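For reference, the structure is listed below as structure tokens.
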Amino acid sequence: MSENKPKNFYVTLLRHGESVGNAESRWQGQTDFPLTDQGRTQAQALGERWKRQKMKFDFVISSPLSRARETAEIIASKLGLLVEFDPLWLERDNGEFAGLTAQEVRQNFTHPDFTTPYDPVGMDGEGDWELFLRAGQALQDLLKREPARYLIVSHGGLLNQVMHAIVGVLPQAHNSGASFRFNNTAFAQVIYYPNQHRWVIDKLNDHGHWRDAEYEKNS
């Protein structure tokens, strides 16, 4: 075993860049929207930032949806890494809402006055509890691997539930309680110490590279 091999899990949780669905205010779910030009610029700016900072990752794991896949591939190409794909890191299946605009969802569906975490989203999609369980499974599968430096490229809904699993907060009724913001190409960094079963949240919703993305857009 290499003396430099990490003994702990260093995990960076990254949301994909701006997608066409984001730009059009759509409920994306597992509908496969590509990145916008701005989303690609965001990913490139983050890749350049991490290259300057000499960030090291041993593994890059991505959702197979194109908005996450392309984000991961842009960054991995900057850092000279390969990308693995795992469907556990897909966004929430939001059922019949998938691909619709927010206005279409408001107009075409009835919305109950109160919901529980067990209720489906979009008539037959994943409710909060179901999504939380999948996030826990994704986290469990990651921790079955060797301690290393991981970059996970995924989606806001799933990553929010991963953070809930890390801090031990269950989904609440009617979307109440804590939530964790992940803007496009914003990331959280967490460390897991397996010998102590201790999590440390080092960063959350970091998107400082947006300044570079705006410079590239306007130059």
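The values are calculated or read from the model by the stated rules, or taken from the named source; none is laboratory data. All figures in this text were calculated on a predicted structure; none of them were measured in a lab. Methodologically, a virtual Cβ is constructed for each residue, glycine included, from the backbone with ideal geometry; neighbour enumeration extends over all protein chains shown.
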By residue number, the members of the range 150-176 that are part of a helix (DSSP H, G or I), in contact with a helix residue (DSSP H, G or I) (Cβ under 6 Å, 6 or more places away or on another chain) and over 16 Å from GLY127 (Cβ atoms) are VAL162
Scanning the range 51-104 for residues that are of a type in the set (A, V, I, L, M, F, W, C) and exposed (fewer than 15 other Cβ atoms within 10 Å of the Cβ), the one modelled with the highest pLDDT turns out to be LEU82
Result of the Cβ filter at 6 Å on the range 27-53, keeping first residues that are under 13 Å from ASN184 (Cβ atoms) and of a type in the set (Phe, Trp, Tyr) and partners that are at pLDDT 95 or above and part of a helix (DSSP H, G or I), at least 6 apart or interchain, is PHE33/VAL20; PHE33/GLY21; PHE33/ARG67
GLN161 passes all but one of the listed conditions (1) surrounded by 20 or more Cβ atoms within 10 Å (Cβ to Cβ); (2) touching a residue at least 40 places away in the same chain (Cβ under 8 Å); the exception is number (2)
Expected output for the range 180-192 (first residue surrounded by fewer than 22 Cβ atoms within 10 Å (Cβ to Cβ), partner part of a loop (DSSP other than H, G, I, E, B), Cβ below 6 Å, 6+ apart or cross-chain) is ASN183/HIS207; ILE191/ASN8
Counting only strands (runs of 3 or more DSSP E) wholly inside the range 1-109, the ones holding at least 2 residues that are within 29 Å of TYR193 (Cα to Cα) and more than 14 Å from the chain's Cα centre (by Cα) are 9-15, 83-85
Within the range 78-101, residues within 22 Å of PRO171 (Cβ to Cβ), among the hydrophobic types (A, V, I, L, M, F, W, C) and in contact with a Phe, Trp or Tyr (Cβ under 7 Å, 6 or more places away or on another chain) come out as PHE97, ALA98
Only unsatisfied item for GLY17, checking (1) surrounded by fewer than 18 Cβ atoms within 10 Å (Cβ to Cβ); (2) within 15 Å of ALA213 (Cα to Cα); (3) of a type outside the set (A, V, I, L, M, F, W, C), is (1)
TYR118 passes all but one of the listed conditions (1) outside any loop (DSSP other than H, G, I, E, B); (2) of a type in the set (Phe, Trp, Tyr); (3) closer than 21 Å to GLN30 by Cβ; the exception is number (1)
Being loosely packed, with under 15 Cβ neighbours inside 10 Å, touching a helix residue (DSSP H, G or I) at 6+ places or on another chain (Cβ under 6 Å) and touching a residue at least 24 places away in the same chain (Cβ under 8 Å) is the requirement here; does PHE114 meet it?
yes
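When the range 145-163 is examined, which residues are found to be over 13 Å from PHE59 (Cβ atoms) and out of contact with any Asp or Glu (no Cβ under 9 Å at 6 or more places or on another chain)?
LEU159, ASN160, VAL162, MET163
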(1) of a type in the set (Phe, Trp, Tyr); (2) in contact (Cβ under 8 Å) with a residue 40 or more places away in the chain; (3) farther than 19 Å from GLY29 by Cα all hold for TRP199 apart from (2)
Considering residues that are part of a helix (DSSP H, G or I) and either modelled with pLDDT under 95 or charged (D, E, K, R) (or both), the number found within the range 135-149 is 1
Among GLY122, GLY95, the single one that is out of contact with any Pro (no Cβ under 8 Å at 6 or more places or on another chain), of a type outside the set (Val, Ile, Thr), on the phi > 0 side of the Ramachandran plot and in contact (Cβ under 8 Å) with a residue 40 or more places away in the chain is GLY122
